[in-house]
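See below for the structure under consideration.
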Amino acid sequence: MAGHVFEAPQALFRVVATHYSSQLTKQIFGILGSLAILGAPADFITNVGTGVRDFFYEPINGAVHGPRQFIEGLEAGTQSLARGVFVGVVRGAANVTEVVNGNLVGLAADDDFIDERKAHQRMLTDAMSRGGRKRTFGDSLFLAGASIARGVRSGAMGIVEQPPIYASKHGPVGFLKGVGKAMVGAIVKPMVGVGDGAVLVMNHMSDMTSDKHVLPMFPKRLRRALPSRSTEQPNLVKLLPYDERAAKAQKIVTVGESVDDVYIGHINIPSHLIIASEQCLWAIDRRSRDPWCVNWEEISHFAPMDRGVRVVVFGQTGLKTYLFQTDSGCQAQFLALLTMQLRKMV
């Protein structure tokens, strides 16, 4: 508000224009962020980005295993890219249609139609949140047809009802106003019904398409595990062919690459999987899958025995002995694995 202004009109106009331009500059990001229509390109970019990532990485992951897996990865990546583009386009069109419908409803200027439309949308939202039977494509088409029929019916009823209502309130002028609103409603309301039906069908198509994840036919390959030749030189490793068991043992030692530990080697004995790392000795029970882990500094000593190896560990109540049954070949490997960390034992 500006009162008792003593200024030339041109200067006053510049002051007012500067004020509103500065306010617009400050609020422009808030205004743009509140526009639902901007969610369409953002959603499109997200879906396409996921498809592009799969299109490159699935074939690369398959090529590690062989030519056949490369073809399977190429197929999975191509399907993911096509699905991402389709879902992005359909969801973007649904978002834009929903925004346009929200503006068209205001042109109808019919509170009963607006309330009926909101009640129908709340009913659909509640039905989806409760779950139960999964909605089929036929159900979506039925609901879309009901939305179109509701719009056409409301537009036709408006032609009959609105002119007498406005005439009773405002006379002949009101009658003309009622005719004008009825004609606008007869055009706008069916358009809103068609738009609501289109949004229902497009959302159903995008949801059904995005739920179908194309999984490659080959497993994800774990990081290669290279056993150490000597603990004195941790960078000196044995360059061996890829071994899935060694990779799994390395994953156990590093807890999925979340622990700063280094895989040294492993050996399979009849009752346990023995893993040696830079920090610990692991024994995984083959039946129960229960892990046993002890730091090298907690081991007092070890010694061979008849068809086995004895490992003695310091405990809170004194020395505790663990016996591991092995055959003749595994015994030597087990002892060699323990000997590599002998300098850390008491």
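The values are calculated or read from the model by the stated rules, or taken from the named source; none is laboratory data. Quick caveat, the model's predicted, so the values are computed rather than measured. Cβ atoms come from the backbone with ideal geometry, glycine included; neighbour counts cover every protein chain shown. Surface areas here come from the heavy atoms of the whole protein model, side chains and all, with no ligands, DNA or RNA. Shrake-Rupley method; radii C 1.70, N 1.55, O 1.52, S 1.80 Å.
One line per residue, one yes/no per condition, for (1) under 30 Å from PRO59 (Cα atoms); (2) in contact (Cβ under 8 Å) with a residue 40 or more places away in the chain; (3) surrounded by 18 or more Cβ atoms within 10 Å (Cβ to Cβ); (4) aliphatic (A, V, I, L, M):
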position	(1), (2), (3), (4)
PRO227	yes, no, yes, no
LEU236	no, no, no, yes
LEU240	yes, no, no, yes
ARG245	yes, no, no, no
LYS248	yes, no, no, no
ILE267	no, yes, yes, yes
SER277	no, no, yes, no
VAL311	no, no, yes, yes
TYR322	no, no, no, no
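Test ASN61 against the criterion of being over 30 Å from ILE159 (Cα atoms), modelled with pLDDT under 80 and assigned to a helix (DSSP H, G or I), and give yes or no. Spell out the reasoning first.
Numbers: over 30 Å from ILE159 (Cα atoms): yes; modelled with pLDDT under 80: no; assigned to a helix (DSSP H, G or I): yes.
So ASN61 fails the test.
Does GLN233 fit the bill of being assigned to a loop (DSSP other than H, G, I, E, B) and either at pLDDT below 85 or within 36 Å of the chain's Cα centre (by Cα) (or both)? Don't jump to the end; show me each part of the working.
Numbers: assigned to a loop (DSSP other than H, G, I, E, B): yes; either at pLDDT below 85 or within 36 Å of the chain's Cα centre (by Cα) (or both): yes.
Yes, satisfied.
Return yes or no: is SER271 open to solvent by less than 20 Å² (accessible area, probe 1.4 Å) and of a type in the set (S, T, N, Q)? Break it down into steps so the answer makes sense when it comes.
Details: open to solvent by less than 20 Å² (accessible area, probe 1.4 Å): no; of a type in the set (S, T, N, Q): yes.
For SER271, the condition - open to solvent by less than 20 Å² (accessible area, probe 1.4 Å) and of a type in the set (S, T, N, Q) - is not met.
Which number in (1) acidic (Asp, Glu); (2) open to solvent by 60 Å² or more (accessible area, probe 1.4 Å); (3) in contact with a helix residue (DSSP H, G or I) (Cβ under 6 Å, 6 or more places away or on another chain) marks the one condition that GLU298 misses?
(3)
In region 73-96, which residues are in contact (Cβ under 8 Å) with a residue 40 or more places away in the chain and surrounded by 19 or more Cβ atoms within 10 Å (Cβ to Cβ)?
GLY73, ALA76, SER80, ARG83, VAL87, GLY88, VAL90, ARG91, GLY92, ALA94, ASN95
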